[in-house]
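Inspection log for the structure reproduced underneath, given as structure tokens.
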Amino acid sequence: MQADLFCQVIDHYGDIGVTWRLAKQLNKEHGISLRLWVDDLNVFARIEPRIIAQADQQTIDQIDIRRWVKDTAPPKPYPIVISSFCCPLGADWLKRMSAESNPCWVELEYLSAEPWVESHHGLSSKRSDGLNPTFFYPGFTNLTAGLIRERNIIQERDGWQADMAQQNHFLEHIGVPINPHAPRPFYVSLFAYPQAPFQSFFNALNRLSKWNASQASHLHHTLQSSCILDSTQTETQQQKNIHVLIPEGVSLPGNLITSPSVTWQRIPFLTQADYDKLLWSMNLNVVRGEDSFVRALWAGKPLIWHIYRQTENTHLTKLNAWLASTELPQPVKEAMLAWSSANQLDQLETALLDALSAENWFNWQQTTIQYVQKLAILPDLATKLTHFCHEKTKNT
Ligand code: TRH
């Protein structure tokens with residue numbers, strides 16, 4: 001099977017992040033030969049360092065990557081056309097598609113847990129030019145297009161998470177100092193939008209790290225239940241046991257008040273494969289948008305999702321819909337909602353500290369693991385897409 005896959009980079013990295021991941025999986029696991037059309041190769045190069053931003057054509061991992069210049073005469077379209085995030089293909093492509101190949105055209109939508117997605121997934125709409133696109137809605141149930149999940153990702157994650165030496169080697173490789181004789185810190189990765197409530201988050205972590213003796217045992221239990229501290233830890237060692245890793249490109253406010261009791265460290269912006277390894281190595285992941293959110297789910301660790309902000313608080317409707325589909329402890333749900341809502345900084349700090357308390361932290365981990373285990377047995381998006389396109393094109 002041959003497919004033309006289109007990506008229009010709107011902003012940030014998610015458009016090309018999702019599309020590139022899907023392209024590789026469709027080719028590697030389903031044998032589809034892909035022509036990937038991308039309008040902004042500079043952003044592409046940020047997540048895929050092998051990209052030559054000046055090249056009009058290049059092949060990476062057997063994917064034929066083309067610079068997509070709108071309003072230029074297109075080649076003969078392949079029998080399958082996929083437009084990521086329903087990006088407009090432009091009159092020239094549509095004309096050739098309707099005149100020559102009338103392809104199996106899939107419009108890949110944004111991810112949402114909202115209930116209406118199930119009834120919309122798979123619907124098509126006949127156009128006046130004869131084209132008949134079908135809408136694929138990614139989602140969290142078997143009545144949607146599912147989620148992007150590579151065939152062995154869970155197995156690879158489990159192997160990684162069982163190998164502390166490999167994790168330490170990786171962390172050192174990206175510049176994180178490892179002290180094998182000290183207790184393993186409580187690691188946090190922080191990938192959020194500029195308007196994130198960084199100070200409230202820092203305050204909560206600072207308070208967590210400085211809990212006094214009476215609460216140290218509860219911090220001890222918290223950290224121990226995350227298999228971080230063994231019982232030999234003395235109280236002083238429990239100080240400074242939180243290490244926050246912030247990728248290049250995540251902008252922090254200039255006037256941030258942090259404290260010596262928590263280590264905040266910049267790390268490089270990683271390749272997608274290395275970013276997965278970072279997420280797998282952490283205790284808590286703050287992620288955003290769509291792709292890093294799904295990758296953090298596959299990491300099986302507690303996460304805070306900074307959802308992409310939309311007008312009229314549509315993003316809060318989406319966030320609430322996803323939270324409602326989980327069994328996460330109430331303080332965790334409150335913290336995630338406060339994180340993405342305006343003027344809820346105090347609630348955020350309180351809810352976060354509550355969520356990180358021994359009891360809730362253990363439940364946060366358990367409910368996350370159980371939730372992801374259920375997701376990981378659903379058919380993945382690339383498989384559903386391939387089956388759909390195979391069925392649609394086999395009779396043509
Ligand atoms: O960058 P984003 O905010 O992209 C957003 C969202 O996709 C949103 O849904 C969309 O509407 C908007 O773009 C236009 O967040 P996201 O989706 O997590 O994409 C980030 C990509 O960057 C993801 O593929 C992971 C990758 N990444 C790396 O490869 N290395 C890194 O070090 C980091 C931090 C991220």
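Please treat every number below as a calculation from the coordinates, not as lab data. All of these numbers come straight from a predicted model, not from anything done at the bench. Note that each Cβ is placed from the backbone with ideal geometry, even for glycine, and that neighbours are counted across all protein chains shown.
Data for the structure
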{"quantity": "Where labels lie 7 Å past Cα in the beta-carbon direction, separation of I52 and H169 in nm", "calculated": "3.3"}
{"quantity": "Label zone at N206, where the point sits 7 Å out along the Cα-to-Cβ direction: the stretch 248-270 residues whose backbone N lies under 17 Å", "calculated": "252-265"}
{"quantity": "Degrees between helix 345-355 axis and first principal axis of the chain (Cα, 0 to 90, nearest 10)", "calculated": "80"}
{"quantity": "Sequence-distant residues sharing a close amide H with W264 (under 5 Å, placed H)", "calculated": "V244"}
{"quantity": "Whole-Hz ³J(HN,Hα) from phi, Karplus 6.51 cos²θ - 1.76 cosθ + 1.60, for the stretch 130-140, glycine and proline x", "calculated": "x, 6, 9, x, 10, 9, 9, 9, x, x, 10"}
{"quantity": "Computed over the chain: relative contact order in percent, which uses C-alpha pairs under 8 Å that are six or more apart", "calculated": "16"}
{"quantity": "For the chain, the longest site-free run once GluC sites (Glu not before Pro) in DSSP loop states with at most 14 other Cβ atoms within 10 Å are removed", "calculated": "1-247"}
{"quantity": "Phi-based couplings in Hz for the stretch 364-375 (Karplus 6.51, -1.76, 1.60; Gly and Pro marked x)", "calculated": "4, 5, 5, 5, 5, 4, 5, 4, 5, 4, 5, 5"}
{"quantity": "Overall dimensions of the stretch 346-396 by Cα: Rg and Dmax, Å", "calculated": "20.3, 60"}
{"quantity": "Extended-chain gain in nm, criterion 0.36 nm per residue less alpha-carbon gap, A342 and Q161", "calculated": "61.6 nm"}
{"quantity": "Size of the stretch 80-206 as Cα extents on the principal axes (Å, biggest first)", "calculated": "69, 34, 31"}
{"quantity": "FRET E, pair K126, K374, Förster distance 41 Å, beta-carbon r, rounded to 0.05", "calculated": "0.70"}
{"quantity": "Sequence-distant residues sharing a close amide H with T134 (under 5 Å, placed H)", "calculated": "W105, V106, E107"}
{"quantity": "Mean-position separation - Cα centroids, the stretch 282-353 and the stretch 157-181, in angstrom", "calculated": "27"}
{"quantity": "Computed helical MRE - 222 nm, the chain, DSSP H runs ≥ 4 contributing -39500 (n - 2.57), nearest 500", "calculated": "-12500 deg cm²/dmol"}
{"quantity": "Amide H contacts under 5 Å for D4, placed H, 5+ residues apart", "calculated": "R35, Y78, I80, V81, I82"}
{"quantity": "Å³ per residue enclosed by the Cα convex hull of the chain", "calculated": "144"}
{"quantity": "Choice from K28, K76, K210 with maximal GNM fluctuation in the chain (Cα, 10 Å cutoff)", "calculated": "K76"}
{"quantity": "Candidates G31, G17, G254: whichever shows maximal mean-square fluctuation once the chain is modelled as a Gaussian network with Cα springs under 10 Å", "calculated": "G254"}
{"quantity": "Cα-only Debye scattering, the stretch 153-376: base-10 log of I(q)/I(0) at q = 0.15 Å⁻¹", "calculated": "-1.02"}
